[in-house]
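This report refers to the structure that appears directly beneath it.
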Amino acid sequence: MRAFRALTVTAAACAAIGLSATFAAANPPQGGGNGPSNVTVNPYSVHQGARMQVSAAGCGHGGVVWSHGNFPQTNLSAGSIGFASVRIFNHASPGHHTLSVKCNDNNLVATHRFTILHGNGAQGGIGGSFGPSAAETAIGSGLVGAAALGAGVHVIRRRRTVGSRV
């Protein structure tokens, strides 16, 4: 009786594994080289001369990203989700544009819209790389000189009152 029960459980387990393998082969996972899909851009609205990140699923062997007149053709990294960082041309025309993504292993092309904003964005992240202007240097020198003169006057006045007591 125990052998029959063990044989039944083993047969059921083999049937479940066999059927699940058949269903898995019939329904391959998305993004497995069937062409680019789920194309995203970050940020959606980007200034002229700024950088934009592009990602796409389905290009396991990498691919290319391009948008004529807006940024040069750029390679998309390989993997289940490929990434590319593109720099928008300084002279790109503001407005709504479309970029294209093509995988290296097939001829399918996916597109995505993005917006180019007029002008340059903020110079964030540059920190202290900008030096002071001539006017800022002159003002700073004047303030340091005034502080030194005030400190000297304070020391001299303090010294006189102490000296008259002794």
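The values are calculated or read from the model by the stated rules, or taken from the named source; none is laboratory data. Just so you know, these numbers come straight off a predicted model, no measurement behind them. Please note: Cβ atoms are built from the backbone with ideal geometry, for glycine as well, and neighbour counts cover all protein chains shown. Just so you know, the surface numbers come from the protein's heavy atoms only, side chains and all, with ligands and any DNA or RNA stripped out. Shrake-Rupley method; radii C 1.70, N 1.55, O 1.52, S 1.80 Å.
Descriptive notes on the structure:
- Among the residues of the stretch 117-154, those that are modelled with pLDDT of 85 or more and either touching a strand residue (DSSP E or B) at 6+ places or on another chain (Cβ under 9 Å) or β-branched (Val, Ile, Thr) (or both) comprise Leu117, His118, Thr137, Ile139, Val144, Val153.
- Of all residues making up the stretch 108-119, the number that are hydrophobic (A, V, I, L, M, F, W, C) and open to solvent by 20 Å² or more (accessible area, probe 1.4 Å): 3
- Selection from the stretch 55-68 of residues that are modelled with pLDDT under 90 and out of contact with any Cys (no Cβ under 9 Å at 6 or more places or on another chain): none
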